[in-house]
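Rule-based calculations on the coordinates, nothing more; no lab input. Keep in mind that this is a model prediction, so the values were computed, not measured. Reconstructed Cβ throughout: ideal geometry from the backbone, glycine too, with neighbour counts over all protein chains shown.
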Amino acid sequence: MDVERLAERLIAARQSGARIAALAPGEIPATAAEGYAVQDAILKRLGIPIAGWKVGAASPTAEPQAGPILADRLKPSPASFVLLPNAFRTVEAELAFELARDLPTRSLAYREDEVWDAVGALHVGIEILESSFVDRRKIAEHAVLGDLLNNGGYAYGAPINDWRGLDVATPQAVLIIDGKEVRRAKAGTPGGHPKRLLAWLANHAATRGKPLKRGDIVTTGSHTGMLDAPPGAAVTAKFEGIGEASLNFA
């Protein structure tokens, strides 16, 4: 497939707001490897540093997927995001983990406990989902993967340093939009325990030549599912007994 052509189209769609309805056969990634190649081409073209990652899976045993969070899309709470008028403004309440040390590329794979031990702080987060496509549900899976896995922004709350005794697998999560509770859930994320996802990401990122580093913030999936916020909305994510984060759409 034409990796560079798809990367170019995805960047143009995000910047202009003119979403893509369909892809030509030569623009459709057939494998995850081709989807990640598109991610890499976007990163090279934009030249914006990676400040964090998102990782998730469809089930606790499914192969995870990952996408970088660019530095200009990652903001501390309370955060303000200025989006295009036709932005989706889809939000999710999530938990994110901040690394306390680098996890460089090496020949030996990282173990789950080893990566878990490298986490320094926990954050409550809100992910903003965006897409270069008119309807991402009708687009090939690996093309969506190439579109930086739908990340459009991320707000993260204050660091929680004494987090290891907290329930990070199935905490009570609440999403509030404009002062109204719109979702409450206690089922965790589809991908299961974040320890598995973090370890997979550490090895995946190292293999791609983009190893995780100290200060990276890694979010491990939605605890509330996706909800759309209106223009100008104020959004808060709360995890009972853990903390909260907030953002607004300016």
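Restricting attention to region 1-32, the residues being part of a helix (DSSP H, G or I) and either farther than 25 Å from residue 63 by Cβ or over 21 Å from the mean Cα position of the chain (by Cα) (or both) number 14.
Here is a yes/no grid of residues against (1) out of contact with any Ser or Thr (no Cβ under 7 Å at 6 or more places or on another chain); (2) surrounded by fewer than 18 Cβ atoms within 10 Å (Cβ to Cβ):
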{"site": "146", "(1), (2)": "yes, no"}
{"site": "151", "(1), (2)": "yes, no"}
{"site": "155", "(1), (2)": "no, no"}
{"site": "161", "(1), (2)": "yes, yes"}
{"site": "164", "(1), (2)": "yes, yes"}
{"site": "172", "(1), (2)": "yes, yes"}
{"site": "181", "(1), (2)": "yes, yes"}
{"site": "185", "(1), (2)": "no, yes"}
{"site": "192", "(1), (2)": "yes, no"}
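Taking the criterion of being touching a helix residue (DSSP H, G or I) at 6+ places or on another chain (Cβ under 8 Å) and more than 16 Å from residue 67 (Cβ to Cβ), the residues of region 170-210 that qualify are 195, 196, 199.
Given the options 234, 245, name the one that is in contact with a strand residue (DSSP E or B) (Cβ under 6 Å, 6 or more places away or on another chain), closer than 15 Å to residue 176 by Cβ and surrounded by fewer than 22 Cβ atoms within 10 Å (Cβ to Cβ).
Values: 245 fails: surrounded by fewer than 22 Cβ atoms within 10 Å (Cβ to Cβ).
Result of the check over 234, 245: 234.
Looking across region 38-76 at every residue that is assigned to a helix (DSSP H, G or I) and more than 14 Å from the chain's Cα centre (by Cα), the one that is surrounded by the most Cβ atoms within 10 Å (Cβ to Cβ) is identified as 38. Taking each residue of region 190-206 that is within 20 Å of residue 92 (Cα to Cα) and looking for partners that are of a type in the set (Ser, Thr, Tyr) with beta-carbon atoms closer than 6 Å, six or more apart or interchain, yields 194/220; 197/220. Restricting attention to region 196-241, which residues are of a type outside the set (Ser, Thr, Tyr), farther than 30 Å from residue 109 by Cβ and more than 16 Å from the chain's Cα centre (by Cα)? Answer for region 196-241, where residues must be of a type outside the set (Ser, Thr, Tyr), farther than 30 Å from residue 109 by Cβ and more than 16 Å from the chain's Cα centre (by Cα): 228, 229, 230, 231, 232, 233, 234, 235, 238, 239, 240, 241. Within region 74-95, not a single residue is in contact with a strand residue (DSSP E or B) (Cβ under 7 Å, 6 or more places away or on another chain) and without any contact (Cβ under 8 Å) to a residue 40 or more places away in the chain.
So if I check each of 135, 117, 147, which one is over 19 Å from the mean Cα position of the chain (by Cα) and not small (Gly, Ala, Ser)? Matching residue, one of 135, 117, 147: 117.
So, residue 35, is that one part of a helix (DSSP H, G or I) and either under 28 Å from residue 218 (Cβ atoms) or out of contact with any helix residue (DSSP H, G or I) (no Cβ under 7 Å at 6 or more places or on another chain) (or both) or not? I'd like the intermediate steps shown before the answer.
Values: part of a helix (DSSP H, G or I): yes; either under 28 Å from residue 218 (Cβ atoms) or out of contact with any helix residue (DSSP H, G or I) (no Cβ under 7 Å at 6 or more places or on another chain) (or both): yes.
Yes; evaluated as a whole, the condition is true for this residue.
All of (1) without any contact (Cβ under 8 Å) to a residue 40 or more places away in the chain; (2) out of contact with any strand residue (DSSP E or B) (no Cβ under 9 Å at 6 or more places or on another chain) hold for residue 164 with one exception: (2).
Hey, can you tell me all the residues within region 194-249 that are aromatic (Phe, Trp, Tyr) and in a strand (DSSP E or B)?
Quick first cut of region 194-249, residues aromatic (Phe, Trp, Tyr) only: 200, 239, 249.
Residues satisfying the conditions are 239, 249.
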